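Report on one structure; see the data block that follows.
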Amino acid sequence: MTSQKKQIALEAREFMSPLIATKFFIIYPGFIKKHDEIDSEINFLIHNTKKYLMRALKKYFNSLFEGKDLKFIEKPKQADVYR
């Protein structure tokens, strides 16, 4: 999961780099604040995705299987691949 988060962050930075290279933020300094806000939100989501996904899964499945003891396995066994 950590490597996926890092990859998403790197891709987000890569896609943003052409805009930064054009010196857009020097010409329109008011947008740098918005850029920083978006960057902060992206980082927050990247670092908290797993936590929020697990909360949503637990809430959903606990409502379906009330009274059952559910166990979530983060790393399932690799499935057999038939060709």
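The values are calculated or read from the model by the stated rules, or taken from the named source; none is laboratory data. Fair warning: this is a prediction, and the values are worked out from it, not measured in the lab.
Some notes on this structure:
- Per-region count, the stretch 26-83, residues aromatic (Phe, Trp, Tyr) and modelled with pLDDT under 85: 6
- Complete set of residues in the stretch 1-39 that are assigned to a helix (DSSP H, G or I) and aliphatic (A, V, I, L, M): Ile8, Ala9, Leu10, Ala12, Met16, Leu19, Ile20, Ala21, Ile26, Ile27, Ile32, Ile38
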